[in-house]
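K.L.:
Pasting a structure here, questions to come.
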Amino acid sequence: MRYIIGSIYFMIGIIFAYCYIISSMAEEYSTEKKCLAEAIYYEARSESFEGKLAVANVILERLYRNDFPDTICKVVHAGVYWKGHIVKHKCAFSYYCDGKPEHMLDIKAKSDAYNIARLALNGVQLNNTTGSTHYHAEYVHPKWADEFYFIAKIGKHLFYIKDNENNYYIGVNILLDRETKPSTILIKLYEPLP
């Protein structure tokens, strides 16, 4: 009898451990998605679908590179810190260190940002900004811009790439929302197709 009760407790323990692992993975994904959506919202909420997706793609491209932080939240919150606080105007994404609180009040823009974050996390990429690790608004010219290759302008943002790596992509043309011409979206592959 003790053996059976012990086995039942053991199985319950395994189930709880499994549930804990799954829930912590889901929570981590949720936190990363929130950070990506927040960046899309503040950096590109007035942009078109393509403009928002391009910003998301830049963030994810940084995530995949060794010379950037290893989580989405660390990528979008990267900057100069002093005594645990971000230094004003010394960060990778300007919204995060502009001194204003981050409250996503525009419900439609927030919903769009989360939807685009989900698409980007599932591998959807724009063709003309593939590999881009940097962008800036058209009305500024940061020092680093002269060291990069300009590859595209989408809305009010200019996108840049540091180098041309040999990546493999599949191009997909789809109609988005109520557009009259298809948008090209790339899905990044980790190996070439046969």
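K.L.:
Full extension from Glu102 to Lys156: what is 0.36 nm times the residue separation minus their Cα-Cα distance, to one decimal in nm?
P.N.:
Values: separation 54, 0.36 × 54 = 19.44 nm, distance 2.16 nm.
Fully extending the segment from Glu102 to Lys156 adds 17.3 nm.
K.L.:
May I ask you to list the lysines whose Cα is less than 16 Å away from that of Lys108, ignoring any residue fewer than eight positions away on the same chain?
P.N.:
By straight Cα distance, Lys108 reaches Lys34, Lys52.
K.L.:
Amide H to amide H under 5 Å from Ile154: which residues, 5+ apart in sequence or cross-chain, H placed 1.01 Å off N in plane?
P.N.:
It is Phe159, by chain and number.
K.L.:
Are there any trypsin sites (Lys or Arg not before Pro) in the stretch 37-133 that are in a DSSP loop and have at most 16 other Cβ atoms within 10 Å? List them by number.
P.N.:
Filter output for the stretch 37-133: Arg65, Lys83.
K.L.:
Would you rank Val75, Val80 by solvent-accessible area, highest first, keeping every protein chain in place and using a 1.4 Å probe?
P.N.:
The ranking, largest first, comes out as Val80, Val75.
K.L.:
Then there's this: Based on the mean of other beta carbon atoms within 10 Å per residue, what is the order of 122-129, 136-143, most packed first?
P.N.:
122-129, 136-143
K.L.:
Quick check on my link table: of Lys33/Lys100; Lys33/Lys83; Lys100/Lys162; Lys33/Lys143, which ones sit more than 24 Å apart, alpha carbon to alpha carbon?
P.N.:
As for pairs spanning more than 24 Å Cα to Cα, those are Lys33/Lys83; Lys100/Lys162; Lys33/Lys143.
K.L.:
Hey, rough spin-label estimate for Lys83 and Asp146, points 7 angstrom out along Cα→Cβ, what's it come to in nanometres?
P.N.:
3.6 nm
The values are calculated or read from the model by the stated rules, or taken from the named source; none is laboratory data. It should be emphasised that the depicted structure is a prediction, and the values quoted were computed from it without experimental measurement. Virtual Cβ from ideal backbone geometry, glycine too; neighbours counted across all protein chains shown. With ligands, DNA and RNA removed, areas are computed over all heavy atoms of the protein, side chains included. Shrake-Rupley method; radii C 1.70, N 1.55, O 1.52, S 1.80 Å.
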